[in-house]
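See structure below.
The values are calculated or read from the model by the stated rules, or taken from the named source; none is laboratory data. Nothing here was measured: the structure is a model prediction, and the numbers come from that model. When we count neighbours, we look across all protein chains shown, and the Cβ atoms used for this are built from the backbone with ideal geometry, even at glycine.
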Number of protein chains: 2
Amino acid sequence: MKMNDYTELINNAINDFMPISYPNKIFKAMKYTVTLPGKRLRPIMCLEACRMFGGNYKDALPTACAIEMLHAQTLIHDDLPCMDNDMYRRGQLTNHIVFGEAHAVLAGDALLTFAPQTILKHSKNLGTEKLIKIMEEYFQAAGAYGVIAGQVVDIESEKMSQAAAFDKDDEQLPEILNYIHTHKTADLFKLALRTGAIIADANEQQLKEITEFGQYLGIAFQIADDILDETSTFEEMGKTLGKDKEAGKLTYTSLYGIEKSREDLNKLIDKCFDILNNNNLKSEVFEKILNKIRIK
Amino acid sequence: MKMNDYTELINNAINDFMPISYPNKIFKAMKYTVTLPGKRLRPIMCLEACRMFGGNYKDALPTACAIEMLHAQTLIHDDLPCMDNDMYRRGQLTNHIVFGEAHAVLAGDALLTFAPQTILKHSKNLGTEKLIKIMEEYFQAAGAYGVIAGQVVDIESEKMSQAAAFDKDDEQLPEILNYIHTHKTADLFKLALRTGAIIADANEQQLKEITEFGQYLGIAFQIADDILDETSTFEEMGKTLGKDKEAGKLTYTSLYGIEKSREDLNKLIDKCFDILNNNNLKSEVFEKILNKIRIK
């Protein structure tokens, strides 16, 4: 499968999995952010991991779409006035601007359970044991041990930076930054890759390799995002940029500077290629994703 | 088992199931609202339904506690400034007043996945098939087909009432009010009763009866709440009262008046007793709950 085929498959499936029913406004609000134009990176990773380990990628489609719903949930709540207070996302108005704050909170809440419900409803063929494994992976990544842990520490680091300019020599900062990136970003990547691999009956060693791959790719992706936040434009990115720098926020570039950030990014991408090569894993799709994130 | 024994068991189990780990503030925020002093009605219903249908109530303990966590999640988000904007809950400050709005949003989010994660972690003895059934019940009640549907229509009815005083002859109003109460309140009661019954291997007919029981009890509970909102005090209820009336909100008492509300409440309680008697179901605990809700 090619990237574009996956994207079309995912977009069609999301549309099918999310019918609008009463009360319409909440289902419309949920669907609005999930269907914003996007790269569908996480669901693509899930399908491709499944295929790469010998599974039928179609078996992973409900799980892949559920992870995109979960991702949308994090965006809706992160954009709220009490969090990042963002008006634009993927070039469109954010959920609370369109539907109001109360509905945006509820749409996010609803997605958090609609996502795993979608898996249970449309993946009965996987059997109950595998479904329970997928649920466990989902809860671990979606909750206070996963993305929410990252978001909480991110908010706290922001408060720190407002109270005082960062001391770049503070030896705790690299650890804090790594914690934020691991949980805010890499955890969803690992969820996508691991569930795809689990559906394909990957063994423990393979799960370990793909988890490491997801960790490196997640951090690389976040470094690239931090670099682009400083060097790109609204038109290219579809969201308000430079806010992090303005707020004096702890980011990869604010801590290490753009040059070292770019070096580290490319090293992480090399490590991802090594994992694929050392395990004889062939994937045009992952190669394409890795090459896209690289910044020369 | 007596009510007080159940309450103690539940409070101890919640404490065990919710250890504080890093990042501490989010786990503390989650636990704060779950452990506010409360009647633990929903988890008690879950344990008692399990016992009443011949199961071991201890098998239902993780599910019962998870439903209390879900209930706390709905309270945290309902109390937010963009929703009901409440400062007090169960006589204590609300979550966002204590922990800030961002953390309250995230604590609610975290509880939505922590609750079913608790079930999977501590109920492995139930087997994967039964666990999947419980997950399905949980997602249905927690999401846009359940409590959130009720909350959304409640918000919309509030906007309606702000735009114009209710026309009490509007024939849609009883239906809308019933929809709100069914989903906002009865859905969690039914979740508690049904999961307890499922754990006890209740058959389809028994599930049907206990669902009907939960529907009547849920509406009765909500009518009692509406009556007390008009006739009780802050000290008795632990939350700000009279707000609904002040806001001209659609409630059972605003639509039907206190006298008819009380009559309907007591009729529903009689129906609940009928279900217990007709099915030869003996439960001191349910009898006690029903008699407590009755208003003479």
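Data table
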{"item": "Number of the exception - A:Lys159 against (1) touching a helix residue (DSSP H, G or I) at 6+ places or on another chain (Cβ under 6 Å); (2) within 12 Å of another protein chain (Cβ to nearest Cβ); (3) surrounded by fewer than 16 Cβ atoms within 10 Å (Cβ to Cβ)", "result": "(1)"}
{"item": "Conditions (1) more than 22 Å from B:Thr113 (Cβ to Cβ); (2) in contact with a strand residue (DSSP E or B) (Cβ under 8 Å, 6 or more places away or on another chain); number of the one not met by B:Asp79", "result": "(1)"}
{"item": "Members of region A:86-101 found to be out of contact with any helix residue (DSSP H, G or I) (no Cβ under 8 Å at 6 or more places or on another chain) and part of a helix (DSSP H, G or I), listed by number", "result": "A:Ile97, A:Glu101"}
{"item": "Selected residue [surrounded by fewer than 19 Cβ atoms within 10 Å (Cβ to Cβ), in a helix (DSSP H, G or I) and within 11 Å of chain B (Cβ to nearest Cβ)] from A:Glu129, A:Glu175", "result": "A:Glu129"}
{"item": "Only listed residue being under 17 Å from the mean Cα position of the chain (by Cα) and surrounded by fewer than 24 Cβ atoms within 10 Å (Cβ to Cβ), chosen from A:Leu61, A:Leu41", "result": "A:Leu41"}
{"item": "Matching option when the condition is surrounded by 20 or more Cβ atoms within 10 Å (Cβ to Cβ), within 10 Å of chain A (Cβ to nearest Cβ) and touching an Asp or Glu at 6+ places or on another chain (Cβ under 7 Å), among B:Leu70, B:Leu80", "result": "B:Leu80"}
{"item": "Checklist (1) closer than 24 Å to A:Ala110 by Cα; (2) at pLDDT 95 or above applied to B:Asp84, failing item", "result": "(2)"}
{"item": "Positions within region B:110-119 being at the interface with chain A (Cβ under 7 Å from one of its Cβ atoms) and in contact (Cβ under 8 Å) with a residue 12 or more places away in the chain, in sequence order", "result": "B:Ala110, B:Leu112, B:Phe114, B:Pro116"}
{"item": "Verdict on A:Val98 being of a type outside the set (Phe, Trp, Tyr), more than 20 Å from B:Gln117 (Cβ to Cβ), crowded, with 21+ Cβ neighbours inside 10 Å and modelled with pLDDT of 95 or more", "result": "no"}
{"item": "Residues satisfying the stated conditions in region A:92-123, i.e. over 13 Å from A:Lys28 (Cβ atoms) and among the β-branched types (Val, Ile, Thr)", "result": "A:Thr94, A:Ile97, A:Val105, A:Thr113, A:Thr118, A:Ile119"}
{"item": "Top-ranked residue in region A:1-34 [being farther than 14 Å from A:Pro62 by Cβ and not in a helix (DSSP H, G or I); ranked as farthest from the other protein chains (Cβ to nearest Cβ)]", "result": "A:Lys2"}
